Number of protein chains: 2
Amino acid sequence: MKNLHDAIKVIAFDADDTLWNNETYFAEAEQKFSELLEDFLPRHTVLRELLHTEISNLPLYGYGIKAFMLSMIETAIRISDKKIPASVIEKMVNIGREMLEKPVVLLDDVELVLKTLKGRYRLVLATKGDLLDQERKLIKSNLQEYFHHIEIMSEKKEDDYRKLIRHLDIKPESFMMIGNSLKSDVMPVITIGGYGVHVPYHTTWAHEKIEVNLESDRFIVLDKLSEILHLFPEN
Amino acid sequence: MKNLHDAIKVIAFDADDTLWNNETYFAEAEQKFSELLEDFLPRHTVLRELLHTEISNLPLYGYGIKAFMLSMIETAIRISDKKIPASVIEKMVNIGREMLEKPVVLLDDVELVLKTLKGRYRLVLATKGDLLDQERKLIKSNLQEYFHHIEIMSEKKEDDYRKLIRHLDIKPESFMMIGNSLKSDVMPVITIGGYGVHVPYHTTWAHEKIEVNLESDRFIVLDKLSEILHLFPEN
């Protein structure tokens, strides 16, 4: 591997489940949702139906909690053959509203990592999802000051990263992206010539799971975020 | 008024109801919604209740069609005292889904204006709302090529414009914003030292209506968008 310190100009971080927890809130919400519908279908089948609705709604609704709320409601109406009472739909709305108001809990060593790298590299936050919701989480996180640029993207595919890199006015080989999703944070960045760093989180949304068989010296896997500092030692 | 040609470097356009129609789709949807609930309340009262829900949800949901869908559902549950059948809620979901798939119809002379100004000024699209939805509309509009920068904002207040102007690396007095909302497009820009151009649209969402009593040589009102070309004559 080349000397990373010389190669890299911009280090971009995913947010959800890379800097703070997110998927656990979705998992909790799904459990509550499946409970509300267990009179109609077994809970694991309810969850399968919900996932099916979410994926088919992605092109129309995108990512985020409002999309999730609408998918819960649509799944409930379909599963119950339109027999679900309004009082239960209200509970689903409330599950979503609670999610929007959850605290932002930073993952281990996030502040240490940002503090150590800031000033030595341009740090970018590159997150996918609902604009207002991601802005709110960033404010709650108190991490704004570390970032030179915040990019909230509707998708994280190769072209989206190409656009970001162009906007940052650097070459792909000077760009490193760190995140918990191989599919959204790592693979597309490696494909376009950048560095992709995978820091797995204990829970991954089914739609983000992929099989990967990749050999590249720009592909790095870490057990935890703080190990990134070993790649960029301070002299 | 100073010579605008010398003063202005960036001309920013609002999108909804400035470049293409939007509010008419909301107005149609509101009518359908009030029809669905007329067994519970008179239609004008239903609309007042919906507006109340939308405004109180703004901090949590932000702008856009998904927020509107959730507000319809919440209003229906409240008004009906939880008696609204799932089949009717499904109709509300479908009202929203149809809105998301509406065509983008450009307003008069939009392409002429953009074509004439492009190259002479940096043109920016500055729009509020749901990220995915606004991106989709921009693609459908075929106007992307005219813009040097696209900014999708969760709010359009003074600080949001300050951030945009900083990002564009210009002074406020070199920035002109054109839009149909006095509250979101014109007033905050004038307050921070830029030029605000109001092009009224025949329908304005109640929440965007304000009384204004403003004297400023940076406040310009036009009857229609194409009149902007009179401000920037080609020699």
> Within segment B:116-130, is even one residue within 11 Å of another protein chain (Cβ to nearest Cβ), in a helix (DSSP H, G or I) and not hydrophobic (A, V, I, L, M, F, W, C)?
Replying inline: no
>> Exactly one condition in (1) more than 29 Å from residue B:58 (Cβ to Cβ); (2) free of Cβ contacts under 8 Å to residues at least 24 places away in the same chain is false for residue A:132; which is it?
In response: (1)
> List pairs: first in segment B:200-222 and modelled with pLDDT under 80, second assigned to a loop (DSSP other than H, G, I, E, B) and not acidic (Asp, Glu), Cβ under 6 Å, 6+ apart or cross-chain?
Replying inline: B:208/B:181
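Each row is one residue, and each column tells you yes or no for (1) part of a helix (DSSP H, G or I); (2) at pLDDT 95 or above.
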| position | (1), (2) |
| --- | --- |
| B:1 | no, no |
| B:11 | no, yes |
| B:47 | yes, yes |
| B:50 | yes, yes |
| B:72 | yes, yes |
| B:89 | yes, yes |
| B:102 | no, yes |
> Within segment B:85-115, can you find the residues that are over 20 Å from the mean Cα position of the chain (by Cα) and either of a type in the set (Ser, Thr, Tyr) or away from every other protein chain (no Cβ under 14 Å) (or both)?
Replying inline: B:87, B:112, B:115
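Working only within segment A:220-235, note down all residues that are surrounded by 12 or more Cβ atoms within 10 Å (Cβ to Cβ) and either touching a Lys or Arg at 6+ places or on another chain (Cβ under 6 Å) or under 21 Å from residue A:115 (Cα atoms) (or both).
Matches in segment A:220-235: A:222, A:224, A:225, A:226, A:227, A:228, A:229, A:231, A:232.
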>> One residue is enough: does segment B:53-63 have a residue meeting the conditions under 26 Å from the mean Cα position of the chain (by Cα), within 14 Å of chain A (Cβ to nearest Cβ) and in a loop (DSSP other than H, G, I, E, B)?
In response: yes
>> Between B:168, B:164, which is surrounded by fewer than 21 Cβ atoms within 10 Å (Cβ to Cβ), within 14 Å of chain A (Cβ to nearest Cβ), in contact (Cβ under 8 Å) with a residue 40 or more places away in the chain and in contact with a strand residue (DSSP E or B) (Cβ under 9 Å, 6 or more places away or on another chain)?
In response: B:168
> Looking at segment A:173-195, which of the residues that are more than 12 Å from the chain's Cα centre (by Cα) and part of a strand (DSSP E or B) is surrounded by the fewest Cβ atoms within 10 Å (Cβ to Cβ)?
Replying inline: A:176
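Criterion first (touching a Leu at 6+ places or on another chain (Cβ under 7 Å) and among the acidic types (Asp, Glu)) does residue B:151 satisfy it?
yes
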> Which of the residues that make up segment B:21-47 are hydrophobic (A, V, I, L, M, F, W, C) and within 21 Å of the chain's Cα centre (by Cα)?
Replying inline: B:26, B:27, B:29, B:47
>> Contact list please: Cβ distance under 8 Å, first residue in segment A:31-46 and farther than 17 Å from residue A:90 by Cα, second residue of a type in the set (Gly, Ala, Ser), pairs at least six apart or on different chains.
In response: A:40/A:80; A:43/A:34; A:44/A:34; A:46/A:34
>> Condition (residue is more than 21 Å from residue A:227 (Cα to Cα) and in a helix (DSSP H, G or I)) applied to segment A:148-157: is it met by at least one residue?
In response: no
> Take the residues of segment A:196-219 that are more than 18 Å from the chain's Cα centre (by Cα) and buried (at least 16 other Cβ atoms within 10 Å of the Cβ): which is nearest to residue A:10 (Cα to Cα)?
Replying inline: A:218
> Can you name every residue in segment A:135-147 that is part of a loop (DSSP other than H, G, I, E, B) and in contact (Cβ under 8 Å) with a residue 24 or more places away in the chain?
Replying inline: A:143, A:147
> Which condition number does residue B:104 fail, the rest of (1) in contact with a strand residue (DSSP E or B) (Cβ under 6 Å, 6 or more places away or on another chain); (2) free of Cβ contacts under 8 Å to residues at least 40 places away in the same chain; (3) not acidic (Asp, Glu) being met?
Replying inline: (2)
> Residues of segment A:72-84 being crowded, with 16+ Cβ neighbours inside 10 Å, facing another protein chain (nearest Cβ under 7 Å) and over 15 Å from residue A:32 (Cα atoms), which ones?
Replying inline: A:74, A:77, A:80, A:84
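The values are calculated or read from the model by the stated rules, or taken from the named source; none is laboratory data. What you see is a predicted model; the values in this text were computed from it and never measured. Neighbour counts run over all protein chains shown; Cβ positions are idealised from the backbone, glycine included.
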